[in-house]
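Structure, as structure tokens:
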Amino acid sequence: MGDSFVVAWPGTGFESGVPTRISLEQIGAARTAAESAPIRFVALGPTSDLVAKELAGTRIVEVIAVAANVDELGNDEYLELLDRLVAERRPGVVVLANDARGRELGPRLAARCGGAAINDVIAVRNEDGRTIWSRPCFGGKAVADVVARRTPAVVTIRPRSFQAVVPSGESEPPTTALAGLANVSGVVSEEIHVADRSGARLEDAKVIVAGGRGMGGQEMFDRLTELAALLGGTVGASLAAVDQGWARVEQQVGLTGKFVGPELYIAVGISGASQHIAGLAAVKTLVAINNDPSAPIFRVANLGVVLDANEAIPALIDELRRRRG
Amino acid sequence: MQLRDAGAVEHVTVMAAGGLGTVEIVRKALGVRADAGVVIDVNELDSLDPGPTAEVLARAIERLAPIGLVLAGRQAGDWDNGQVGYLLGERLGWSSIGLAHRVWMDGDGLHVSRDHPRGLEQLRFRPPCVITITSDDSNGLRLAKVPDVLAAARKAITTWTLDDLKLAAGLDDFSRLEVLTVRSAERTTEVELLGGDSPTEKVAALAGRLLELRPT
């Protein structure tokens, strides 16, 4: 197998020019898949010298930095650029993050360069000379083991599914600067509405308090913010709560939202549809508050209490305040 | 249908590929006044590989009169791969825009608002283009009117087979993945339910445990 590419972009793979845990997890996945093959880090967007420094000792042999802003250009231009890079360097594996951009770039890049795309990978292993990728399917109810029939395998990995590499700080990889491209398509970005980042990003949060349909209304849903603040957490939501308009789409946890891995996840008035549970694979302790003792959430929770959210939340907030004094 | 109402498109064809039930899906769309329906009668798409699905749809779209815009689902029809729309765009040589919440037209042209790693992004685009649509308040199916449903029931639906699409030799050439196994992923835990004679007792027990579980 040839080299591997790890492709990262701002907001997901690096922040302020520094690699995030998500891109360190991508490197972890590439290391498992490629065994001893060299790994190159492709940074789509402005980086600082820090990227190469932060990647020292992670088996990255080269940082390829595209000196342009991916937000100003767009996926079509970066696709063209990645396609050229793949044609030139012929990697065996290309690892992307499974966010909104990765889910689009992966299949499009694979189609363009004759490879095979596998989205939302949660595990990889090598067996009998073949690389086997595992991905959830059927709304998270099953996991499929698949093998790419073409090269490269272009995979997007689910956050919190792979061990992040720990840079040793030794042997900083060289950086190759690459020019960006002028607009090549009829798609032009006009405006980016950056989501409200009060509190930690859901993907990075150590505590998440998430509400679902059982919250009953906007007013009670909003009280989750108080509860989250008392526990040092961030507010998440189920698809049902987003559909009701109580929560913003970027707060949605689950198959069609964010994949999270906090130490403590408190599901309030969430029934536990498999699409929601699919986003919780890396949660350490799952606490469920629901008035229906037969709700599926209790089958995957570690700790549960059968109570109506409208009764439990105000009382819990009062109790936590009282204990804090 | 919103784009047709706004004059952004002239003609809406609803296309579905699959086995049993496909005709009913297309008929339902005709019931909200889509202009034409096409069914591709094929059972072989029931696999976990999105490549053949994209090829079948691409050939069918090429057979229709010039098409400027394809709106596809985000992933449900391809077993959560979330690939068919993008593969279709590449196969047709068009741009694709993923995970769109809303598509609209104003004096400036066509726009789309879609998921972005840092929130939402608004784009301007020129057809031809494939857009995958994610669920949003603004794009639920409108209610059908009884006369339209009755008219739809009598409307002819074009049906094509793999043979019509010159794919009788099979779809294997378009497959890029080999699926080894599919196993159940349902995890279950032994849940510890907090008891108590009253809600107050339960809440007190819960508060204590949450403070213990909270990472420091």
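The values are calculated or read from the model by the stated rules, or taken from the named source; none is laboratory data. This one's a predicted model, so the numbers in the text were calculated from it and none came from an experiment. Every residue, glycine among them, receives a Cβ derived from its backbone with ideal geometry; neighbour counts consider all protein chains shown.
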> Given the conditions (1) without any contact (Cβ under 8 Å) to a residue 24 or more places away in the chain; (2) surrounded by 17 or more Cβ atoms within 10 Å (Cβ to Cβ); (3) within 20 Å of A:ARG31 (Cα to Cα), and given that A:THR156 satisfies all but one, which numbered condition is not satisfied?
Replying inline: (1)
> How about the range A:8-22: which of its residues are crowded, with 16+ Cβ neighbours inside 10 Å and of a type in the set (Val, Ile, Thr)?
Replying inline: A:THR12, A:THR20, A:ILE22
> A:LEU79 passes all but one of (1) without any contact (Cβ under 8 Å) to a residue 40 or more places away in the chain; (2) in a helix (DSSP H, G or I); (3) surrounded by fewer than 19 Cβ atoms within 10 Å (Cβ to Cβ); (4) not β-branched (Val, Ile, Thr); which number fails?
Replying inline: (3)
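Just the residues that are among the aliphatic types (A, V, I, L, M), within 16 Å of B:ALA205 (Cβ to Cβ), surrounded by fewer than 19 Cβ atoms within 10 Å (Cβ to Cβ) and more than 7 Å from every other protein chain (Cβ to nearest Cβ), please, taken from the range A:279-325.
Pass one, the range A:279-325, residues among the aliphatic types (A, V, I, L, M): A:280-283, A:286-289, A:295, A:297, A:300-301, A:303, A:305-307, A:309, A:312-313, A:315-317, A:320.
Checking the rest, the ones that are also within 16 Å of B:ALA205 (Cβ to Cβ) come to A:287-289, A:301, A:303, A:305-307, A:312-313, A:315-317, A:320.
Retained after the next criterion (residues that are surrounded by fewer than 19 Cβ atoms within 10 Å (Cβ to Cβ)): A:315, A:317.
Correct list: A:ILE317 only.
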> Which one is surrounded by the fewest Cβ atoms within 10 Å (Cβ to Cβ), of the residues in the range A:82-119 that are more than 14 Å from the chain's Cα centre (by Cα) and assigned to a strand (DSSP E or B)?
Replying inline: A:ALA116
> Could you list, in sequence order, the residues of the range A:138-153 that are crowded, with 22+ Cβ neighbours inside 10 Å and among the hydrophobic types (A, V, I, L, M, F, W, C)?
Replying inline: A:ALA144, A:VAL146, A:ALA148, A:ALA153
>> Among the numbered criteria (1) facing another protein chain (nearest Cβ under 10 Å); (2) at pLDDT below 95; (3) buried (at least 17 other Cβ atoms within 10 Å of the Cβ); (4) over 17 Å from the mean Cα position of the chain (by Cα), which one does B:ASP108 miss?
In response: (3)
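Tell me, yes or no, whether the range A:169-186 has at least one residue that is within 25 Å of B:GLY73 (Cβ to Cβ) and not in a helix (DSSP H, G or I). First the steps, then the outcome.
Going residue by residue through the range A:169-186, those that are within 25 Å of B:GLY73 (Cβ to Cβ) are A:185-186.
Still in the running and not in a helix (DSSP H, G or I): A:185-186.
Yes, the range A:169-186 has at least one match.
Please enumerate the residues belonging to the range A:258-277 that are small (Gly, Ala, Ser) and surrounded by 23 or more Cβ atoms within 10 Å (Cβ to Cβ). Outline the logic, then answer.
As a first pass, look at the range A:258-277 and keep what is small (Gly, Ala, Ser): A:261, A:267, A:269, A:271-274.
Passing the criteria: A:ALA267, A:GLY269.
Out of the residues in the range A:125-159 that are part of a strand (DSSP E or B), more than 7 Å from chain B (Cβ to nearest Cβ) and not β-branched (Val, Ile, Thr), which is nearest to A:PHE259 (Cα to Cα)?
To start, the set of residues in the range A:125-159 that are part of a strand (DSSP E or B) comprises A:125-127, A:130-137, A:142-148, A:153-157.
From what is left, the residues that are more than 7 Å from chain B (Cβ to nearest Cβ) are A:125-127, A:130-131, A:133-135, A:153-157.
Right, trim to not β-branched (Val, Ile, Thr) and you get A:125-127, A:130, A:133-135, A:153.
Working: A:ARG125: 22, A:ASN126: 25, A:GLU127: 28, A:ARG130: 28, A:TRP133: 18, A:SER134: 16, A:ARG135: 14, A:ALA153: 22 Å.
Here the answer is A:ARG135.
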> Assuming A:ILE208 fulfils every condition listed in (1) closer than 30 Å to A:TYR78 by Cα; (2) in contact with a Pro (Cβ under 6 Å, 6 or more places away or on another chain) apart from one, which condition is it?
Replying inline: (1)
> With respect to A:ILE122, is the statement that it is surrounded by 15 or more Cβ atoms within 10 Å (Cβ to Cβ), away from every other protein chain (no Cβ under 11 Å), under 21 Å from A:GLY92 (Cα atoms) and touching a residue at least 40 places away in the same chain (Cβ under 8 Å) true?
Replying inline: no
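Please tell me if A:ALA179 is at pLDDT below 80, over 30 Å from B:PHE174 (Cβ atoms) and out of contact with any Phe, Trp or Tyr (no Cβ under 9 Å at 6 or more places or on another chain). It would help to see each step written out before you state the result.
On the way: at pLDDT below 80: no; over 30 Å from B:PHE174 (Cβ atoms): yes; out of contact with any Phe, Trp or Tyr (no Cβ under 9 Å at 6 or more places or on another chain): yes.
Against the criterion (at pLDDT below 80, over 30 Å from B:PHE174 (Cβ atoms) and out of contact with any Phe, Trp or Tyr (no Cβ under 9 Å at 6 or more places or on another chain)), A:ALA179 does not qualify.
Residues checked against (1) crowded, with 20+ Cβ neighbours inside 10 Å; (2) under 21 Å from the mean Cα position of the chain (by Cα); (3) assigned to a helix (DSSP H, G or I); (4) within 14 Å of chain A (Cβ to nearest Cβ):
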site	(1), (2), (3), (4)
B:ASP115	yes, yes, no, yes
B:SER138	no, yes, yes, yes
B:ALA144	no, yes, no, no
B:ASP148	no, no, yes, no
B:ALA152	yes, no, yes, no
B:ALA156	no, no, no, no
B:ASP163	no, no, no, no
B:ALA169	no, no, no, no
B:LEU180	no, no, no, yes
> Can you find a residue in the range B:68-76 that is free of Cβ contacts under 8 Å to residues at least 40 places away in the same chain, more than 23 Å from B:THR181 (Cα to Cα) and either of a type in the set (Gly, Ala, Ser) or away from every other protein chain (no Cβ under 12 Å) (or both)?
Replying inline: no
